[in-house]
Amino acid sequence: MSSAVYQRIRANPKFRELEARRSRLAWVSSAVVLVAYYGLMIVVAFWPQALHAPLSEGQVVTIGVPLGAAVIVLAWLLTGFYVYRANTDLDQLNQQILNEARQ
Amino acid sequence: MKRSMLTAATGTSLTFMSAAAFAAPAAQAADKPPLNLTAIAMFLAFVLATLAITYWAARRTRTASDFFAAGGGISGFQNGLAIAGDYMSAATLLGACALVYGRGYDGLLYVAGFFVGWPILLFLMAERLRNLGRYTFADVISERLDRTRMRSFAAVGALTVVFFYLIVQMVGAGELIQLLFNVDYDYAVIVVGVLMMVYVAFGGMIATTWVQIVKAVLLLFGGTVLGILAFAQFGFSFETLAAKAVAAHRSGAKIMGPGTLLADPVSTLSLSLGAVFGLAGLPHILMRFFTVPNAKEARKSVFYASGFIGYFFLLTFVLGLAAVVIVGTDPQFFQGGRVGGALIGGGNMVALHLAKAVGGNLLFGFLAAVAFATILAVVAGLALAGAAAVSHDLYANVFRKGKTTEQSEVRVTKIATLAIGVIAIALGILFKGQNLAFLVALAFGIAASANFPVLILAMYWQGLTTRGALWGGLSGLVCAVVLVILSPAVWKAVLGNPAAIFPYDHPALISMPLAFLVAYVASKLDTSVTAKTEREAFDDQYVRAQTGLGAAAGSAH
């Protein structure tokens, strides 16, 4: 791989666009997952009684159960969203960059 | 039983939870179940099928790339199953069910902590790993840094994690198989070790991956059948299940909310940092990213893997609560028939007792066989990761400085596999009956404090130099080891001192930030000429990481 290829890629404005879009997607998604999980754990540590509240009047199932399950489900849905975005438009952009660099 | 449950709960990894508990000297020899022919027949069928896979894989394994990375020819979906298989050992099913059975909602919170590492691994690492590496994560950290020193460091990091993981698995395997199949402990450990060597030495990554896939499908299938049969007894109503579980459990309504397990924020934070970031430093998991043809499939594999893992974790919550009602009130599962006393076979038998209660001997035998199969697949993945560190990193790149042939690299791997197998068997027998929960904390602590910081900095931070990476990684490693020795699990429980010097069982809260700090300072202070070239090389590496330019291509299988 010649260094000219690398220079052409770096000079390509599409490369800037790719890295900006992908890193925004990655960091925002990570933040959502970490905030959701550690947010729940903060409630567990400091206000555990809040999670003992029944889901609705007279129910045994507490608010904590759907919230705990939601962390797992949300995190998984986000991986799906990330993979979808990264494998479609971002990968197309990536391919354009590579094609243009090889010309 | 309570004691072994606590041991399990404080072990770092879910993967190990029950293995660690088995390791507590609590195997009740007097309660051995009678020879279970269904289980043995199913297990033999599994072994024959996996040996056939190994034979098939051996004929397809020609190059080093075939051997270490299955020629990059595994699809995203297949790799997702294999990753899920690597992460979910027998202990996940047995340990997580036991945790929910004993502590209810805390069990759900605990498994959630072992789940959130997956999306983070995907968002921040999967693509760059695939684009920069070939066979091991050492490829990535030695790409622009000093090859000899970084490979040596990576091999030490990988081998320590692999061996700690392996010992716990071997001891857990011996105890579990003794209990389920009435086989003597030593023979059980030898059988596991020998089969592991056969899979890896002859079939390499192709066989290891397919064994893992078969086992993951069996585990998901067995768990689902068990879940449906158990849930059916409550009319598929979660509210009914919860109400009956609350009525049956000695803690009553408390099991539906947070209890004492994760109540200490500092301890919980340290545990979860190890779980989340340790995942991104486990060599056998990282190695799976090189078995797919490109970054696109690498991403997909995490999506599938985390789907299977998340589903299974949620399933164990239902299974654990169902067991509270079905197993927890049935005298036939308690020693001496005393409900509320010790469970026959110990706390980790909860899921298997549940299988017997809702599906009879057939389902019990099936799940027991799946548990055995699971152990085999997990140790095979570990052995391959360890052998790759020895041959690809130490032999080919450190001792021979890259001047070697593919054949000799593969030959060294096979020898290394045999050596690892023999050592694993010996250690498994040596540590029989020991409480090994601390090894779990060590494996994840080192993965999170040595492997992960160096890996992520190498990919993200231009300023990282060889000196910074080595000092940072080694200080994380040493700090994790020292803190675990001073922790309650070793200082108090193993060495018999009255009080621990470091109050927490998990070191990551201290050792991981320390590794980052030392790596940062040492890199900043590094004004050598090589440091300058290493920083300059980052720009090209960054282009490769982002675009996959020049990445190792996959071949079709």
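Based on what the data block shows, is residue B:134 more than 14 Å from every other protein chain (Cβ to nearest Cβ) and touching a Ser or Thr at 6+ places or on another chain (Cβ under 8 Å)? Break it down stepwise before answering.
On the way: more than 14 Å from every other protein chain (Cβ to nearest Cβ): yes; touching a Ser or Thr at 6+ places or on another chain (Cβ under 8 Å): yes.
The answer is yes for residue B:134.
Can you report the number of residues in the range A:69-103 which are under 23 Å from residue B:313 (Cβ atoms) and modelled with pLDDT under 95?
The total comes to 0.
In the list B:277, B:312, B:303, which residue meets the criterion of being within 8 Å of chain A (Cβ to nearest Cβ), in a helix (DSSP H, G or I), at pLDDT 90 or above and under 20 Å from the mean Cα position of the chain (by Cα)?
Numbers: B:277 fails: within 8 Å of chain A (Cβ to nearest Cβ); B:312 fails: within 8 Å of chain A (Cβ to nearest Cβ).
Testing whether each residue is within 8 Å of chain A (Cβ to nearest Cβ), in a helix (DSSP H, G or I), at pLDDT 90 or above and under 20 Å from the mean Cα position of the chain (by Cα) leaves just B:303.
Being part of a helix (DSSP H, G or I) and among the β-branched types (Val, Ile, Thr) narrows it down to one residue among B:209, B:260; which is it? Can you show your working first?
Values: B:260 fails: part of a helix (DSSP H, G or I).
Within the list B:209, B:260, the selection yields B:209.
Restricting to the range A:44-103, name every residue that is facing chain B (nearest Cβ under 7 Å), touching a Pro at 6+ places or on another chain (Cβ under 9 Å) and among the aliphatic types (A, V, I, L, M).
Those that are facing chain B (nearest Cβ under 7 Å), touching a Pro at 6+ places or on another chain (Cβ under 9 Å) and among the aliphatic types (A, V, I, L, M): A:44, A:45, A:51, A:60, A:61, A:75, A:78.
If the requirement is being within 10 Å of chain A (Cβ to nearest Cβ) and surrounded by 24 or more Cβ atoms within 10 Å (Cβ to Cβ), which of these qualifies: B:100, B:111?
Values: B:100 fails: within 10 Å of chain A (Cβ to nearest Cβ).
Result of the check over B:100, B:111: B:111.
From (1) within 30 Å of residue B:155 (Cβ to Cβ); (2) of a type outside the set (D, E, K, R); (3) part of a helix (DSSP H, G or I), pick out the condition that doesn't hold for residue B:369.
(1)
Taking the condition of being at the interface with chain B (Cβ under 8 Å from one of its Cβ atoms) and outside any helix (DSSP H, G or I), how many residues in the range A:1-43 meet it?
1
Which condition number in (1) under 30 Å from residue B:442 (Cα atoms); (2) among the polar types (S, T, N, Q); (3) crowded, with 20+ Cβ neighbours inside 10 Å is the one that residue B:547 fails?
(1)
Quick check, is residue B:319 in a helix (DSSP H, G or I) and within 12 Å of chain A (Cβ to nearest Cβ)? Before you say what the answer is, go through the steps one by one.
Details: in a helix (DSSP H, G or I): yes; within 12 Å of chain A (Cβ to nearest Cβ): no.
When the stated conditions are applied, residue B:319 does not pass them.
The values are calculated or read from the model by the stated rules, or taken from the named source; none is laboratory data. Keep in mind that this is a model prediction, so the values were computed, not measured. Ideal geometry is used to build each Cβ from the backbone, glycine not excepted, and the neighbour counts take in all protein chains shown.
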